[in-house]
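Step one of this worksheet: look at the structure below.
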Amino acid sequence: MSTNKEAWGSRVGLVLAMAGNAVGLGNFLRFPVQAIQNGGGSFIIPYLVCFLLMGIPLLFVEWSMGRFGGKHGNHSTPFILDSMDKRKFWKYLGVFGIFTNIAVAAYYCYLESWTLSYAFHSVAGTFSGMSQEGVNDFFTNYVSLGTNQPIVFWILCLLLNTYILSRGLSGGVEIVAKIGMPLLILFGIFLAIKGVTLTAGEEGAVNNGTVGLNFLWTPDFSTIWQPKVWLAAAGQIFFTLSVGMGSIHCYASYLKSKDDVALNAMSAGWMNEFVEVVLGAAIVIPISVGYLGIEKVVELTQNGGLGLGFRSLPFLFQNWGPFLAAAAGFMWFVLLFFAGITSSLAMGTPVMGFLQDEFHWKREKAAWTFGLIILLLGAPCVFFFNEGVFDEYDYWAGTVSLVIFAVAEIILFAWVFGMGKGWDEITRGADIKVPNFFKFIIKYVTPLFLLWVFASSLPDIITKISNPANGYVTAARIGLLALYAGICYVVYLAYKKRMREGRFH
């Protein structure tokens, strides 16, 4: 018998945890930059189209697949997929739902630890009196391990994640979601109001806050039909909703067989969109444009969201006076921390679910094993950050793997398991009437959309593989391949163990 007796304590906790899984650092650091680089306000059109044709359908699919697998005692994607079709290769495609969570958590927890450190430094007044160059140098020195602080905060962050996971769903993950998500939204609303109400000429602002909003949302319709804009929109949907990872399957597998999945999926998806589109867009860009001007912000966004979130905002907050600067810095980085930890906790649950289901491990042992794996796999990201290891993990685990797994699961759900049975799973116990046109979208539109995204990404993948890489990047690639192969072998052992025990689901 499995030792896995986890369950959600409340529906509110489940929805908040699912929303927390989706709401991550990308909502605040990645989305505004993607919008600026891809046509401003016109980016929202392909973004919303991708959300409706790919995001919502995949949420329906992953929630219902998870609940279906949970009925048979499966809480990780290898055997959730196996329960839907008995051909052996599905369980090995399901390995992506464990591999991705481990590999992403390995670098994500390090990024998450930055927010914890910066929250501390904001309260401690470290950035007080620093110039823009000083804050930028602080970040450069930090990721270059100029002191031991990054390692200390990284270890602290890993310990915190592991301890919460060891407390279980209702006693750990759910509590963090119930505390973290409301605080995240509260702090976000405060900073958004402050950002959009900046007045030119006051507190050092050269523009008012609406200039930043206008800059972000003024459409450039000449870009709307460019394939790269649609690819960016599709990529952002993957990134922001955490689809194609396996964590949603795991969370949903702890539902009862007739618990709603349709409304829960919609609630978590739209809460994520509110945080991303409304709050995420109203903090970073309006504040940055208000003080730095449009040209400087465009320059900074070339380096992604880190150029604004970590290299600029701690300096810009100083214009608000000592107390408000410390408070705003604390709120901004705690907001990012809660966005990060609710996502990283979701990455641990599929691994724990697998170990508990297949090897009858207790929750605490599974949690601390996950923590140890992330420590070992994450160390290269910490110590060789400037050599490109962090970016390599992000590309293969946080981008390519998501698309591959999403293509596999939508084909399995709609074409192998069958859209008839799949639709029954989506609508069983639903608290809303799911529009029938989603049946057509899930069977035809979403698979074609995903195949187009994958095919369009192939030239970039081939270019990346064929271009020479330094030794650290090459080692990172070999390590990721070894990780996937190792998980496949462990899944094979688990399958053999199931056969010996007479368990076929």
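Run the simple label-point estimate for F274 and I179 please: 7 Å along Cα→C-beta, distance reported in nm.
That separation, rounded to one decimal, is 2.3 nm.
Rg and Dmax in Å for region 227-358, alpha carbons only: what are they?
When restricted to Cα atoms, region 227-358 yields Rg and Dmax of 18.6, 56 Å.
Output needed: percent of Cα pairs per 10 Å distance bin for region 11-501, bins running from 0 to the one holding the longest distance.
4, 20, 31, 27, 13, 4, 0, 0
In degrees between 0 and 90, to the nearest 10, how far off the longest principal axis of the chain does helix 322-359 point, with axes built from Cα atoms?
10
Taking the Cα centre of the chain as origin, sum charge times position over the Cβ atoms of Lys and Arg (+1) and Asp and Glu (-1), and report the length of that vector in debye to the nearest 20.
1920
What is the angle, in °, between the Cα long axis of helix 401-411 and the longest principal axis of the Cα atoms in the chain? Nearest 10 is fine, range 0 to 90.
Approximately 40 degrees, to the nearest 10.
What lysines sit close enough to K421 to cross-link, taking a C-alpha to C-alpha distance under 24 Å and skipping anything fewer than 8 places away on the same chain?
Counting by Cα, and skipping residues close in sequence, K421 has these lysines nearby: K71, K86, K88, K91, K256, K258, K433, K439, K443.
Enumerate by residue number the trypsin sites (Lys or Arg not before Pro) in region 399-505 meeting two conditions: DSSP loop (anything except H, G, I, E, B), and at most 14 other Cβ atoms within 10 Å of the site's Cβ.
K433
For region 327-399, what is the largest minus smallest coordinate of the Cα atoms on each principal axis, given in angstrom and ordered from greatest to least?
44, 33, 22
Under 19 Å between alpha carbons, and skipping anything fewer than 8 positions from K362 in its own chain: which lysines qualify?
K5, K497
With the radius of gyration and the Kirkwood radius both derived from the Cα set of region 67-197, what is their ratio Rg to Rh?
When Rh is taken as the Kirkwood radius, the ratio is 1.11.
Among the lysines, which have Cα under 28 Å from the Cα of K194 when same-chain residues fewer than 8 positions away are ignored?
K178, K296
Just report the Cα centroid separation between region 451-477 and region 156-191, whole Å.
Here the answer is 35 Å between Cα centres.
Grab the DSSP H runs of the chain that are 4 residues or longer, score each as -39,500 (n - 2.57), total them, divide by all residues and round the 222 nm result to the nearest 500 deg cm²/dmol.
The helix-only estimate for the chain comes to -22500 deg cm²/dmol at 222 nm.
Taking every alpha carbon pair in region 1-143, what does the distance histogram look like in 10 angstrom bins from 0, in percent?
Per 10 Å bin, starting at 0, the Cα pair percentages come out as 9, 23, 30, 22, 12, 3, 0.
Cα-based Rg of region 246-285 per 2.2 N^0.38 Å, rounded to two decimals?
1.54
Report the equivalent ellipsoid semi-axes for region 14-69 in whole Å, largest first, defined as the square roots of five times the eigenvalues of the gyration tensor built from alpha carbon atoms.
Ellipsoid half-lengths, sorted descending, are 26, 15, 7 Å.
Read-outs throughout are calculated quantities, based only on the coordinates presented, and are distinct from any laboratory measurement. On a predicted model such as this, the values are computed, not experimentally measured, just so you know. Every residue, glycine among them, receives a Cβ derived from its backbone with ideal geometry; neighbour counts consider all protein chains shown.
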